[in-house]
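Below is one structure, written out as structure tokens, with a few remarks after it.
The values are calculated or read from the model by the stated rules, or taken from the named source; none is laboratory data. It should be emphasised that the depicted structure is a prediction, and the values quoted were computed from it without experimental measurement. Virtual Cβ from ideal backbone geometry, glycine too; neighbours counted across all protein chains shown.
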Amino acid sequence: MKKIVVPTDFSKSATNATKIAASIAKKTGAELVLVHVYERPIYNLMEPTIDSKEETKIRRYILDQLEGIMQTDDLLALKNVSNLVLADCSVSQMMQNSQLADADLVVIGSHDKSSTLGSYVQGTNTEKLICNSPCACLVLKEHHTELSFENIVFASTFEKAARHSFVPVFELSNIFHSRVHLLHVNTPGRFFQRTEKSMGLMTRLAHRFQLRNYTTNIVNDYSVEEGIQYFTQSIEADVLAIPTGLETKFYHLLNGNLAQDMAHKASRPVLTLKRKTSKKENSLFQPIDSLQQIIGTA
């Protein structure tokens, strides 16, 4: 992992996210980039004009806040830390910036469900960022002041596309020596899958990535979300990893809405994962030859 991005509005949840991101960067040696977005003040709505004097005050305040964060012990312990201020840009659009295009992970401090609608990365903004981000997103809530990767749940249907979405989980589990719990949720409707097939697909994925510390699990429930919540609670999971933006008929249940909804509602940290759809796309994490062989080209 080479670059971790942390959007910040200087709130408590963003501060906690920065601390956790710093601990990941310290473990992996990754660069940490703090990002703040804002809209420039304007006057004369009939002919919008930037209020330069007011913007100078705003930018000075933002830069002072960022400098204060960069002087904290957590960030001073890192070798490579920078900040980026983006004007007239929303949180959901920030990953389109060329300086963030090669990010491997976004760590988001999302406000709790009870937060006001004016919150910075709450609700819709978080979900849009998850949808638009080209890399994995780790979504944290205000009460997440520390993070362990000891037990990671990877919820999927384990079809072929899972090879690509699993890469960040594989990388993190190697870095943090995690136990990975592969989970398929059976529901009464169209997402039902025979036990033999589910176990076979999970075992095949584990063998492809040569996992050593893992479990295979099938849960039956009325909905995928309820099944995931039950399992993560039953094993006291540290992180839930779930794919988003997957297009096959089996992955329709994870087609953005579920992953984003879980990220918004779940009490545990949620790692949303992207599917690699073509050879031209960048890998979620820096690829190595063995990973390329494991994933395959199909």
_Segments classed as helices (runs of 4 or more DSSP H), wholly inside region 122-236, with at least 1 members that are buried (at least 21 other Cβ atoms within 10 Å of the Cβ), touching a residue at least 12 places away in the same chain (Cβ under 8 Å) and among the charged types (D, E, K, R)_ = 124-132, 162-165, 167-176
_Pull out all pairs, ordered by first then second residue, where Cβ-Cβ is under 8 Å, the residues are six or more apart or on different chains, the first lies in region 20-33 and is under 18 Å from residue 110 (Cα atoms), and the second is basic (Lys, Arg)._
33/3
*Sort through 177, 207, 164, 181 and tell me the only one that's more than 30 Å from residue 5 (Cβ to Cβ), of a type outside the set (D, E, K, R) and not assigned by TED's automatic domain parsing to the domain that holds residue 17.*
207
*Among the residues of region 89-121, write down those that are at pLDDT 90 or above, in a loop (DSSP other than H, G, I, E, B) and of a type outside the set (A, V, I, L, M).*
97, 102, 104
*Kindly establish whether residue 5 is surrounded by 13 or more Cβ atoms within 10 Å (Cβ to Cβ), touching a Pro at 6+ places or on another chain (Cβ under 6 Å) and either in a strand (DSSP E or B) or of a type in the set (Asp, Glu) (or both).*
no
*Kindly provide the set of residues from region 17-62 that are farther than 17 Å from residue 89 by Cα, among the aliphatic types (A, V, I, L, M) and in a strand (DSSP E or B), ordered by number.*
32
*Within region 17-40, which residues are farther than 16 Å from residue 149 by Cβ and touching a strand residue (DSSP E or B) at 6+ places or on another chain (Cβ under 7 Å)?*
18, 31, 32, 33, 34, 35, 36, 37, 38, 40
*Is there a residue being farther than 18 Å from residue 106 by Cα, modelled with pLDDT under 95 and outside any strand (DSSP E or B) anywhere in region 237-244?*
no
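Matching residues to (1) among the polar types (S, T, N, Q); (2) at pLDDT below 85:
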residue: 195; (1), (2): yes, no
residue: 204; (1), (2): no, no
residue: 226; (1), (2): no, no
residue: 229; (1), (2): yes, no
residue: 235; (1), (2): no, no
residue: 253; (1), (2): no, yes
residue: 256; (1), (2): no, yes
residue: 274; (1), (2): no, yes
residue: 288; (1), (2): no, yes
_Could you check region 43-82 and list, in sequence order, the residues that are surrounded by 14 or more Cβ atoms within 10 Å (Cβ to Cβ) and among the aliphatic types (A, V, I, L, M)?_
58, 62, 66, 69, 70, 75, 78, 81
